[in-house]
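Peer 1: Quick one: structure below, then a few questions.
The values are calculated or read from the model by the stated rules, or taken from the named source; none is laboratory data. Because the structure is a prediction, the values reported are computed rather than measured. Cβ coordinates were reconstructed from backbone atoms using ideal geometry, including for glycine residues, and neighbour counts include every protein chain displayed.
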Amino acid sequence: MTKIILLLHSMRPKQWTKNVLLFGGIVFSRHLFDAEPFLRALIGFAVFCVLSGFVYVLNDITDIEKDKMHPKKRLRPIAAGKLAPSFAMPAISVLALIALAAAYHISPAFAFVSALYLVIQVFYSYKLKHIVMLDIMTISAGFVIRALAGAVVVDVEFSNWLIACTIFLSLFLAIAKRRHELVSLGEDAISHRIILKEYTPQLLDQMISIVTASTILAYTLYTMSPETAQKFGTKYLYITVPFVLYGLLRYLYLVYRKEMGGSPAQILLDDAPLIIDIFLWIACILILVYWPDIYALFG
C-alpha cells in the first residue's frame, strides 16, 4: 500500500488541474449539463490524469540524479530513494495502457489524440527538453493537445480562436516557469536543467511580454468576434475580458514580486485572489453561454 501511495504522489495529483482544460470542449459546446457528454469528458479527464502521471514518473526516473541536487525535487519519492524505479516504471506503464484502452473505448479519435500527447511528452523527456525554444513550445503543445482532446472526447468542433488563446496562454506559463527556474536556482540552474544556459532573464522577459500581449489580444478578439456572438447568442462575452486581464497581471505580479511561477498548478491552488478571479470568470462564462438572455438588460 505504501508503494501505491508513493506512486500516486509521484504522479503529481496537484498538477492534474492542468487537465481541467479538457472540460473546455463540453463547456463551450453548451453540453455541460448533458449526462452522456459530461461522463465522456470526465473519463477523458481521468485518462489524461493517468497519462500526465506517467510522464511525471518518467521524468523523475530520467532526471533522478539532477533532482537529488534540487532543493525541492530531492524530496520526491523516486529522488529520495523511497520509491524504486524498478517498481514505479512497470506500474505506471500498466496504468497508462489501461488509460489508452479507456480512451479507445470512448472513440478511436480520442485514443489517437491521447496517444499523440503521450508520444510528444515522452519525446520531450528524452530529447526536446534539451533543444532551445522547442522545450518551451513542447510544454505549450501539451496544453493545446488537452484542449483539442476536450473537443474530441465529446465529438464537437473545436474553435480556432480558443486554440489560439490556449497556445499563447500555455506559452506564457511555460516561459514564466523557465524564468523562475533560472532566477531562483541562480548558479545551480544549469546543473539542474542544461537548457537553461541558453536563456537569460532578459530574453525570457521579452518573450513573456510578447505572449502576454498576444494572449490578451487573441481572447479579446474571440469575445468580440461575430462568429462567437452568433454561436452563443450573445454579444456580451467581452465582459469576461477584465477577468483574463487581471489574471495575467496577477500572475506576472507573483512571478516578478513574489518569485513564484515554478509551478503554475500550485499557484492556481494557493493564491486566493487568482482563485477568486478564475471562479468569477467561470461564473460569467457559464451565465453568458448557457443563459444569454440574462444580459438582455444591457440593451
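Peer 1: Could you run through the stretch 153-164 and say how many residues are surrounded by 23 or more Cβ atoms within 10 Å (Cβ to Cβ) and in a helix (DSSP H, G or I)?
Peer 2: Going through the stretch 153-164 one residue at a time, the tally reaches 1.
Peer 1: Search the stretch 266-284 for residues being touching a Ser or Thr at 6+ places or on another chain (Cβ under 6 Å) and at pLDDT 90 or above, and hand back the single one that is farthest from Thr228 (Cα to Cα).
Peer 2: Quick first cut of the stretch 266-284, residues touching a Ser or Thr at 6+ places or on another chain (Cβ under 6 Å) only: 268, 281, 284.
Remaining after also requiring at pLDDT 90 or above: 281, 284.
Details: Trp281: 17, Cys284: 15 Å.
Among those that are touching a Ser or Thr at 6+ places or on another chain (Cβ under 6 Å) and at pLDDT 90 or above, it is Trp281.
Peer 1: Turning to a different aspect of this structure: Can you tell me how many residues within the stretch 123-153 are under 29 Å from Phe28 (Cβ atoms) and hydrophobic (A, V, I, L, M, F, W, C)?
Peer 2: Here is the first cut: in the stretch 123-153, the residues under 29 Å from Phe28 (Cβ atoms) are 124, 136-153.
Checking the rest, the ones that are also hydrophobic (A, V, I, L, M, F, W, C) come to 136-137, 139, 141, 143-145, 147-149, 151-153.
Residues meeting the conditions: 13.
Peer 1: Please work out if Phe38 is under 30 Å from Val154 (Cβ atoms) and in contact (Cβ under 8 Å) with a residue 24 or more places away in the chain.
Peer 2: Values: under 30 Å from Val154 (Cβ atoms): yes; in contact (Cβ under 8 Å) with a residue 24 or more places away in the chain: no.
The answer is no for Phe38.
Peer 1: Does Tyr117 fit the bill of being within 27 Å of Leu169 (Cα to Cα), part of a helix (DSSP H, G or I) and either in contact with a Ser or Thr (Cβ under 7 Å, 6 or more places away or on another chain) or in the same structural domain as Lys231 (by TED's automatic domain parsing) (or both)? Lay out the reasoning, then the answer.
Peer 2: Numbers: within 27 Å of Leu169 (Cα to Cα): yes; part of a helix (DSSP H, G or I): yes; either in contact with a Ser or Thr (Cβ under 7 Å, 6 or more places away or on another chain) or in the same structural domain as Lys231 (by TED's automatic domain parsing) (or both): no.
In short, no.
Peer 1: Can you pull out the residues in the stretch 41-80 that are more than 30 Å from Gly186 (Cβ to Cβ) and free of Cβ contacts under 8 Å to residues at least 12 places away in the same chain? Give the derivation first.
Peer 2: To start, the set of residues in the stretch 41-80 that are more than 30 Å from Gly186 (Cβ to Cβ) comprises 41-51, 53-54.
Selection gives Leu42 alone.
Peer 1: For the stretch 107-139: of the residues being small (Gly, Ala, Ser) and touching a residue at least 12 places away in the same chain (Cβ under 8 Å), which is surrounded by the most Cβ atoms within 10 Å (Cβ to Cβ)? Full working, then the answer.
Peer 2: Just the residues of the stretch 107-139 that are small (Gly, Ala, Ser), to begin with: 107, 109, 111, 114-115, 125.
Among the residues that remain, those that are also touching a residue at least 12 places away in the same chain (Cβ under 8 Å) are: 107, 109, 114-115, 125.
Numbers: Ser107: 16, Ala109: 15, Ser114: 26, Ala115: 15, Ser125: 18.
Among those that are small (Gly, Ala, Ser) and touching a residue at least 12 places away in the same chain (Cβ under 8 Å), it is Ser114.
Peer 1: Could you please find all residues in the stretch 214-238 being crowded, with 16+ Cβ neighbours inside 10 Å and aliphatic (A, V, I, L, M)?
Peer 2: Ile216, Ala218, Ala229, Leu237
Peer 1: While we're looking at this one, here's another question. Checking the structure you have, find out if any residue of the stretch 143-159 is out of contact with any Gly (no Cβ under 9 Å at 6 or more places or on another chain), closer than 21 Å to Tyr199 by Cα and not assigned by TED's automatic domain parsing to the domain that holds Leu171.
Peer 2: no
Peer 1: With respect to Lys73, is the statement that it is among the basic types (Lys, Arg) and closer than 27 Å to Ile195 by Cα true? Working first, answer last.
Peer 2: Working: among the basic types (Lys, Arg): yes; closer than 27 Å to Ile195 by Cα: yes.
For Lys73, the condition - among the basic types (Lys, Arg) and closer than 27 Å to Ile195 by Cα - is met.
Peer 1: Moving on to the next point. Return yes when Glu181 is among the charged types (D, E, K, R) and in contact (Cβ under 8 Å) with a residue 60 or more places away in the chain and no when it is not. Walk me through how you get there before you give the answer.
Peer 2: Details: among the charged types (D, E, K, R): yes; in contact (Cβ under 8 Å) with a residue 60 or more places away in the chain: yes.
So Glu181 fits the description; yes.
Peer 1: Next question, about the same structure. Can you go through Thr215, Thr220 and tell me which one is among the hydroxyl-bearing types (Ser, Thr, Tyr), under 21 Å from Leu268 (Cβ atoms), outside the structural domain of Ile26 (by TED's automatic domain parsing) and modelled with pLDDT of 90 or more? Let's see the steps before the verdict.
Peer 2: Details: Thr220 fails: under 21 Å from Leu268 (Cβ atoms).
Being among the hydroxyl-bearing types (Ser, Thr, Tyr), under 21 Å from Leu268 (Cβ atoms), outside the structural domain of Ile26 (by TED's automatic domain parsing) and modelled with pLDDT of 90 or more holds for just one of Thr215, Thr220, which is Thr215.
Peer 1: Considering the stretch 92-106 alone, what residues qualify as being small (Gly, Ala, Ser) and surrounded by fewer than 17 Cβ atoms within 10 Å (Cβ to Cβ)?
Peer 2: So the first thing to find is which residues in the stretch 92-106 are small (Gly, Ala, Ser), and the list is 93, 96, 99, 101-103.
Within the stretch 92-106, Ser93, Ala101 meet the criteria.
Peer 1: Here's another thing I want to ask about it. Looking at the stretch 39-52, is at least one residue farther than 23 Å from Leu100 by Cβ and not assigned by TED's automatic domain parsing to the domain that holds Thr166?
Peer 2: Our first condition is that a residue be farther than 23 Å from Leu100 by Cβ; within the stretch 39-52, this holds for none.
Scanning the stretch 39-52 turns up no residue that is farther than 23 Å from Leu100 by Cβ and not assigned by TED's automatic domain parsing to the domain that holds Thr166.
Peer 1: Let me ask something else about it. Between Val255, Val183, Val211, which is of a type outside the set (Ser, Thr, Tyr) and surrounded by fewer than 19 Cβ atoms within 10 Å (Cβ to Cβ)? Talk me through it step by step, then tell me what you get.
Peer 2: On the way: Val255 fails: surrounded by fewer than 19 Cβ atoms within 10 Å (Cβ to Cβ); Val211 fails: surrounded by fewer than 19 Cβ atoms within 10 Å (Cβ to Cβ).
None of the others qualify; the one that does is Val183.
Peer 1: Step by step: first the residues of the stretch 1-51, then only those that are among the charged types (D, E, K, R) and outside any helix (DSSP H, G or I), then the one that is farthest from the chain's Cα centre (by Cα). Which residue is that? Walk me through how you get there before you give the answer.
Peer 2: Taking the stretch 1-51 and keeping what is among the charged types (D, E, K, R), we get 3, 12, 14, 18, 30, 34, 36, 40.
Next, from what is left, pick out any that are outside any helix (DSSP H, G or I): 12, 30, 34.
Details: Arg12: 13, Arg30: 22, Asp34: 25 Å.
Filtering first and then ranking leaves Asp34.
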